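Worksheet: the structure to be examined is printed underneath.
The values are calculated or read from the model by the stated rules, or taken from the named source; none is laboratory data. In this text the structure is predicted, and so the values were computed from the model without any measurement. Every residue, glycine as well, gets a Cβ built from its backbone with ideal geometry; the counts of neighbours run over all protein chains shown. Remember, those area values only see protein heavy atoms, side chains included, never the ligands or the DNA or RNA. Shrake-Rupley method; radii C 1.70, N 1.55, O 1.52, S 1.80 Å.
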Amino acid sequence: MRDIRLDQVEIRFPVKEGFVEAAAGVTTTFQSGEITAIIGESGCGKSVLGLAILGLLPIYAQISGSIWLGENDLFRMSPKQMRNLRGREIGFIAQNPADSLNPVRKIKGQLMEAIRLSQGDFSEHNKKLYGLLKDFGFPKEQLTRVLQSYPFQLSGGMKQRISSAMGIASDANWILADEPSKGLDNDLREQTYENLRQIKKHGVEGMIIITHDIVLAEKLCDSVAVMYSGQIIEKGKNVLSNPRHPYTKGLLDSFPSHGMHAMEGKSPAPGEIMLGCRFASRCSKAMPVCRKQSPTEYGNNEEMVRCFLYD
Ligand SMILES: Nc1ncnc2c1ncn2[C@@H]1O[C@H](COP(=O)(O)OP(=O)(O)O)[C@@H](O)[C@H]1O
Ligand SMILES: [Mg+2]
């Protein structure tokens, strides 16, 4: 079982006005055997962090630090090594099935291609194909039709289940899902939860789920990491029931299930040079030190908060 360990991960994008700092020195471990949620306001750097783990950052991104999967530093691997690793080691579930399904190829070919990435015995591939479809809720009578279909011939729910099946078809050890339930109606959202449970049952080493869906995080995740302005500011198993960082409290209150009290102010522009805590200007608990010094992490990797209140 291998954890995914981020060590001082910095990711910057050069832009006209200077640079956007999407990850500002992220050090954290995604524990194998666990499902970790990453939550945080839009633009805080969740997807960029996910792309970094998948080796899919654009070429002009400036990176430093390390992302370790076992003995491999993903930042030091060649594009070819990364291509091999994606799918086999880390599977990806896109937010929109359209992003993972090829519109001009039939479902069977696409699923088979993913299955072929796995190291499994060739003679077992067909069996595996049918097994996967069964696990993701396709009854026997539907199989022939579904496999011979193009994505546009399937319902939204079916496409979603196929795209989840594809995410694990190659026997990836880790799964990363970026907002898998975003923009879905109730039924499809429930279906997504079920898909993710099914993926877990397939014995993956670990999962990272980037999400704005607090219900998903509550139902499925063992641990929650909260991101703010390119940093992880709190992490732990009880973050949702017992938030400690003032930002996490504000964020949770802003969710529909918690009364939808919008948080005041907005996060600093990425790349903005700041003295002190990046949340200080919005924080009702801010003390003089918070505006002068950047808080370090208090606690350990399992239960961490980056806030002087816990000094
Ligand atoms: N390819 C890119 N070029 C320049 N800036 C980018 C690029 N991708 C993301 N960003 C910026 O990085 C920050 C983090 O983005 P992102 O990770 O997508 O946020 P989110 O938490 O909503 O997923 C944002 O300010 C975004 O505008
Ligand atoms: Mg995103």
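Residues in region 221-233: is at least one more than 30 Å from Pro268 (Cα to Cα) and touching a residue at least 24 places away in the same chain (Cβ under 8 Å)? Full working, then the answer.
Looking only at region 221-233, we keep the residues that are more than 30 Å from Pro268 (Cα to Cα), and these are none.
No.
Here Leu57, Leu6, Leu49 are screened, and the one residue that is over 27 Å from Lys249 (Cα atoms) and of a type outside the set (Val, Ile, Thr) is Leu57. One residue is enough: does region 216-235 have a residue meeting the conditions within 16 Å of ligand 2 (Cβ to nearest atom) and either open to solvent by 80 Å² or more (accessible area, probe 1.4 Å) or closer than 18 Å to Gln160 by Cα (or both)? Checking region 216-235: at least one residue is within 16 Å of ligand 2 (Cβ to nearest atom) and either open to solvent by 80 Å² or more (accessible area, probe 1.4 Å) or closer than 18 Å to Gln160 by Cα (or both). For Leu85, the conditions (1) more than 9 Å from ligand 1 (Cβ to nearest atom); (2) of a type in the set (A, V, I, L, M); (3) surrounded by 21 or more Cβ atoms within 10 Å (Cβ to Cβ) are fulfilled apart from (3). Residue pairs whose Cβ atoms lie under 6 Å apart, separated by 6 or more positions or on different chains, with the first residue in region 34-61 and under 20 Å from Glu89 (Cβ atoms) and the second near ligand 1 (Cβ under 8 Å from one of its atoms) and of a type in the set (Asp, Glu), are Ser47/Asp178; Gly50/Asp178. Comparison of Phe19, Phe13, Phe75 shows that the only residue that is of a type outside the set (A, V, I, L, M), assigned to a helix (DSSP H, G or I) and touching a strand residue (DSSP E or B) at 6+ places or on another chain (Cβ under 8 Å) is Phe75. If the condition is being in contact (Cβ under 8 Å) with a residue 24 or more places away in the chain and more than 20 Å from the chain's Cα centre (by Cα), then region 82-113 contributes Asn102, Pro103, Val104, Arg105, Lys106, Ile107, Lys108, Gln110, Leu111.
Against the condition at pLDDT below 90 and touching a Phe, Trp or Tyr at 6+ places or on another chain (Cβ under 6 Å), how does Gly271 come out, does it pass? Please lay out each step first, then the result.
Numbers: at pLDDT below 90: yes; touching a Phe, Trp or Tyr at 6+ places or on another chain (Cβ under 6 Å): yes.
Spelling it out, Gly271 is indeed at pLDDT below 90 and touching a Phe, Trp or Tyr at 6+ places or on another chain (Cβ under 6 Å).
Of everything in region 159-193, what is open to solvent by 20 Å² or more (accessible area, probe 1.4 Å) and either away from ligand 2 (no atom under 16 Å from the Cβ) or not assigned by TED's automatic domain parsing to the domain that holds Thr36 (or both)? Give them in sequence order.
If we filter region 159-193 for residues that are open to solvent by 20 Å² or more (accessible area, probe 1.4 Å), which is where we start, we get 159, 161, 166, 171, 173, 178-179, 182-191.
Within region 159-193, Lys159, Arg161, Met166, Asp171, Asn173, Asp185, Asn186, Asp187, Leu188, Arg189, Glu190, Gln191 meet the criteria.
When region 38-60 is limited to residues that are assigned to a helix (DSSP H, G or I) and β-branched (Val, Ile, Thr), the one that is nearest to ligand 2 (Cβ to nearest atom) turns out to be Val48. Whether any residue in region 180-188 is under 29 Å from Asn84 (Cβ atoms) and either modelled with pLDDT of 90 or more or of a type in the set (Val, Ile, Thr) (or both) is what I want to check. No; the residues of region 180-188 include none that is under 29 Å from Asn84 (Cβ atoms) and either modelled with pLDDT of 90 or more or of a type in the set (Val, Ile, Thr) (or both).
Residues that are more than 21 Å from Pro246 (Cα to Cα), free of Cβ contacts under 8 Å to residues at least 60 places away in the same chain and within 16 Å of ligand 1 (Cβ to nearest atom) within region 206-220 are absent altogether. Has region 116-133 got at least one residue that is at pLDDT below 90, in the same structural domain as Lys182 (by TED's automatic domain parsing), in a helix (DSSP H, G or I) and open to solvent by less than 70 Å² (accessible area, probe 1.4 Å)? Scanning region 116-133, I find no residue that is at pLDDT below 90, in the same structural domain as Lys182 (by TED's automatic domain parsing), in a helix (DSSP H, G or I) and open to solvent by less than 70 Å² (accessible area, probe 1.4 Å), so the answer is no.
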